[in-house]
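Enquirer: One structure coming up, written as C-alpha cells, with questions to follow.
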Amino acid sequence: MGVDRVPLGYYRKKLAAEREVERSGLPYTVLRATQFHSLVARMTTAQRWLPAVCVPSGVSFQPIDPGEVAERLVDLVQGAPLGRADDLAGPQVRTAADLARGTLAAHGLRRPVVPLRLPGAAFRDYREGGHLAPERAVGRVTFEEHLAATTGAAGRPAR
C-alpha cells in the first residue's frame, strides 16, 4: 500500500526510511496505515475561504482514525518484531468529492465541489488506488463519526 506504489516525494522518503531500517539488521516492525480522517478533512477545510472546493477527480481515500492506528502500534510494540505488519486501513473507500461534501456539511459550509484531473504519475497511481487497502479495511470509526466528534456536526445548519 502506498509508499511503494505511488511515486510521491513524501512516500519515496518514507520508503527509503523503511529500507534503511530493513538493512540495519535489527529486528523491526513497520506498520503502514491509510490517511488519517483529520488529513482528509483538512484538504477541504484548508479551502474554506475559497468560493469552491477543489478535489482530485477520480481519486478515492480510505481514511482511518489515528486512535485506531495508535491501538495497533501499542499491540505491535508489545509483541515480537514482525518485519512488515499487515496494513491498516479505514472502514470505507470513498471518493474525494464525497468526503469533501461531508466535511463541508459538518462545518456548516456550502461550496461547490469541483473535481480537477491532476496530471502526473502520482495522481495516476492515486486514481488507480495505489494508496488504498480495501482488503485491510479493519478500521471501525467512519469519516462521518470523526466529523461528528470533531465538529459537533449533528444537525448543524449549512451556510
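Enquirer: Got at least one residue in the range 18-25 being in a loop (DSSP other than H, G, I, E, B), out of contact with any Asp or Glu (no Cβ under 6 Å at 6 or more places or on another chain), at pLDDT 95 or above and of a type outside the set (Gly, Ala, Ser)?
Expert: no
Enquirer: Which of the numbered conditions does GLY9 fail, given that it passes all the others? Conditions: (1) surrounded by fewer than 16 Cβ atoms within 10 Å (Cβ to Cβ); (2) in contact with a helix residue (DSSP H, G or I) (Cβ under 9 Å, 6 or more places away or on another chain); (3) touching a residue at least 60 places away in the same chain (Cβ under 8 Å).
Expert: (3)
Enquirer: Is at least one residue of the range 41-48 modelled with pLDDT under 95 and outside any helix (DSSP H, G or I)?
Expert: The answer is yes, given that some residue of the range 41-48 is modelled with pLDDT under 95 and outside any helix (DSSP H, G or I).
Enquirer: Still on this model: Return the residues of the range 114-144 that are in a helix (DSSP H, G or I) and either within 12 Å of the chain's Cα centre (by Cα) or without any contact (Cβ under 8 Å) to a residue 60 or more places away in the chain (or both); say none if nothing qualifies. If you could, list the steps in order and put the result at the bottom.
Expert: The initial filter retains those residues of the range 114-144 that are in a helix (DSSP H, G or I), namely 121-127, 134-136, 143-144.
Selection gives ARG124, TYR126, GLU135, PHE143, GLU144.
Enquirer: I would also like to ask the following. Going by the structure shown, is PRO91 part of a strand (DSSP E or B), in contact with a strand residue (DSSP E or B) (Cβ under 9 Å, 6 or more places away or on another chain), touching a residue at least 40 places away in the same chain (Cβ under 8 Å) and under 22 Å from GLU144 (Cβ atoms)? Give the steps one after another, and end with the answer.
Expert: Numbers: part of a strand (DSSP E or B): no; in contact with a strand residue (DSSP E or B) (Cβ under 9 Å, 6 or more places away or on another chain): yes; touching a residue at least 40 places away in the same chain (Cβ under 8 Å): yes; under 22 Å from GLU144 (Cβ atoms): yes.
Taking the combined requirement at face value, the residue does not satisfy it.
Enquirer: Continuing with the same structure: Checking the structure you have, find out if any residue of the range 77-87 is touching a Lys or Arg at 6+ places or on another chain (Cβ under 7 Å), basic (Lys, Arg), surrounded by fewer than 19 Cβ atoms within 10 Å (Cβ to Cβ) and not in a helix (DSSP H, G or I). Before you say what the answer is, go through the steps one by one.
Expert: Looking only at the range 77-87, we keep the residues that are touching a Lys or Arg at 6+ places or on another chain (Cβ under 7 Å), and these are 86-87.
Checking which are basic (Lys, Arg) leaves us with none.
Looking through the range 77-87, none of the residues is touching a Lys or Arg at 6+ places or on another chain (Cβ under 7 Å), basic (Lys, Arg), surrounded by fewer than 19 Cβ atoms within 10 Å (Cβ to Cβ) and not in a helix (DSSP H, G or I).
Enquirer: Additional query: In the range 32-50, what residues are in contact (Cβ under 8 Å) with a residue 40 or more places away in the chain and surrounded by fewer than 16 Cβ atoms within 10 Å (Cβ to Cβ)?
Expert: Hits for the range 32-50 are SER38, ARG48, LEU50.
Enquirer: Starting from residues that are of a type outside the set (D, E, K, R) and not in a loop (DSSP other than H, G, I, E, B), keep the ones in the range 58-68 and report whichever is surrounded by the most Cβ atoms within 10 Å (Cβ to Cβ).
Expert: If we take residues in the range 58-68 being of a type outside the set (D, E, K, R) and not in a loop (DSSP other than H, G, I, E, B), then ILE64 is surrounded by the most Cβ atoms within 10 Å (Cβ to Cβ).
Enquirer: For PRO51, only one of the following conditions fails: (1) over 24 Å from ARG124 (Cβ atoms); (2) outside any loop (DSSP other than H, G, I, E, B). What is its number?
Expert: (2)
Enquirer: Surrounded by 17 or more Cβ atoms within 10 Å (Cβ to Cβ), over 20 Å from VAL138 (Cα atoms) and in contact with a Pro (Cβ under 6 Å, 6 or more places away or on another chain): is that true of VAL55 in this structure?
Expert: yes
The values are calculated or read from the model by the stated rules, or taken from the named source; none is laboratory data. Quick caveat: nothing in here was measured; it's all calculated off a predicted structure. Every residue, glycine among them, receives a Cβ derived from its backbone with ideal geometry; neighbour counts consider all protein chains shown.
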